[in-house]
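Visitor: After the structure tokens below, expect a handful of questions from me.
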Amino acid sequence: MTVARWARIQTEMRILAVDTSTLAEGVALIEPDRILCDLQVDVRSSHAPHLLGLIHQALALASAPLASIDAFAASQGPGSFTGLRIGIATLLGLAQALNRRVLGIDTLEALALKVPFAAQPVCALLDARKGEVFGAIFRPTTNGLLRLTPNLVMTPEAFCANITEPTILLGTGVEVYRHVWQTQLGERAILAPPWLGMPCSVQVGALALAQAAAGQHGPTGTLSPTYVRPSEAEINWSRHRPDDLSPI
């Protein structure tokens, strides 16, 4: 897609957005003034067997041919390493075939956007396994979300030090460590119900539309996940690689 074409459509574009950052998979078809389709499924396994089928189903329900998509948007992380790779690779393949762009959206920011008009700060939390959470805190404003912390990965006990006032907590990291939030934070913890959590494909699409409106179209044909911490493959490589070789 040329920059000139991007400039023409960025205020009225149609985006296909995907969130595969957790075991809940979401596909949304969104335009600036409406949501054409929003599908969610709890895969409880790999996203690979389901994602393309869910994309085709969303397009069919919205009576929207694939060629009508102006850009794609993917949750870029943090989240499930495998899930992020599958989502991004799938959209890159579709985008290459159509000569479209893929916009990468921060997963925690998209999650926090589920409560855009909250009076309190919003803490987006994902279960990072290994006794840790991915988390970031935002403050909703009339101009969007104001980020209060970078994306962090740490134990829930350590993360509590970042929450100094009554804060809405939402995401997969809430239920897993509910006892920690309730015990250590007390009245500072406003725990959102589980159904308000993942996936957040509509919010991924909304943030992508905002990027497009600001002229932030990103590179064509490339997008990498944001892991926040090293993957298992990277950890194993660093442990077992020969001393005379450098990591790739």
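The values are calculated or read from the model by the stated rules, or taken from the named source; none is laboratory data. Computed from a prediction, not measured in an experiment: that's the story for all the values here. With ideal geometry, Cβ positions are generated from the backbone for all residues, glycine too; neighbour counts draw on all protein chains shown.
Visitor: For segment 82-99, check the following and say yes or no: at least one residue is under 19 Å from the mean Cα position of the chain (by Cα), surrounded by fewer than 18 Cβ atoms within 10 Å (Cβ to Cβ) and at pLDDT below 95.
Guide: Yes, that holds for at least one residue.
Visitor: Now, a different point. From the list GLY104, GLY135, GLY171, exactly one residue is of a type outside the set (Phe, Trp, Tyr) and at positive phi. Which is it?
Guide: On the way: GLY104 fails: at positive phi; GLY135 fails: at positive phi.
So the residue among GLY104, GLY135, GLY171 that is of a type outside the set (Phe, Trp, Tyr) and at positive phi is GLY171.
Visitor: Looking at segment 54-68, I want the residues that are surrounded by fewer than 15 Cβ atoms within 10 Å (Cβ to Cβ) and have a partner that is in a loop (DSSP other than H, G, I, E, B) with Cβ atoms under 7 Å, at least 6 apart or on another chain. Which pairs are those?
Guide: Close Cβ pairs satisfying both conditions: SER68/ARG14.
Visitor: What pairs come out if I take residues in segment 70-90 that are assigned to a strand (DSSP E or B) and pair them with residues that are surrounded by 24 or more Cβ atoms within 10 Å (Cβ to Cβ) and among the acidic types (Asp, Glu) whose C-beta lies under 7 Å away, six or more apart or interchain?
Guide: Here the result reads SER75/ASP19, each pair linking segment 70-90 to a residue that is surrounded by 24 or more Cβ atoms within 10 Å (Cβ to Cβ) and among the acidic types (Asp, Glu).
Visitor: Look through segment 1-25, keep the residues that are closer than 17 Å to ALA62 by Cβ and more than 12 Å from the chain's Cα centre (by Cα), and return whichever of them is modelled with the lowest pLDDT.
Guide: Once the filter is applied, the top-ranked residue is GLU12.
Visitor: Sticking with this structure for a sec: Out of all the residues in segment 141-176, which are in contact (Cβ under 8 Å) with a residue 60 or more places away in the chain and of a type in the set (S, T, N, Q)?
Guide: Going through segment 141-176, the residues in contact (Cβ under 8 Å) with a residue 60 or more places away in the chain turn out to be 144, 151-153, 171-172.
Correct list: ASN151, THR172.
Visitor: A further question follows. Just to be sure, is ALA119 within 24 Å of VAL43 (Cα to Cα) and either modelled with pLDDT of 95 or more or out of contact with any His (no Cβ under 8 Å at 6 or more places or on another chain) (or both)?
Guide: Values: within 24 Å of VAL43 (Cα to Cα): no; either modelled with pLDDT of 95 or more or out of contact with any His (no Cβ under 8 Å at 6 or more places or on another chain) (or both): yes.
Spelling it out, it is not the case that ALA119 is within 24 Å of VAL43 (Cα to Cα) and either modelled with pLDDT of 95 or more or out of contact with any His (no Cβ under 8 Å at 6 or more places or on another chain) (or both).
Visitor: Could you please give the count of residues in segment 110-122 that are crowded, with 22+ Cβ neighbours inside 10 Å and either touching a residue at least 60 places away in the same chain (Cβ under 8 Å) or of a type in the set (Val, Ile, Thr) (or both)?
Guide: So the count comes out to 4.
Visitor: Right, another one. Restricting attention to segment 112-133, does a residue exist that is in a strand (DSSP E or B), touching a Phe, Trp or Tyr at 6+ places or on another chain (Cβ under 9 Å) and among the charged types (D, E, K, R)? First the steps, then the outcome.
Guide: To start, the set of residues in segment 112-133 that are in a strand (DSSP E or B) comprises 122-127, 133.
Those still in the list that are touching a Phe, Trp or Tyr at 6+ places or on another chain (Cβ under 9 Å) too: 122-127, 133.
Filter again for among the charged types (D, E, K, R), leaving 127.
Yes, segment 112-133 contains a residue that is in a strand (DSSP E or B), touching a Phe, Trp or Tyr at 6+ places or on another chain (Cβ under 9 Å) and among the charged types (D, E, K, R).
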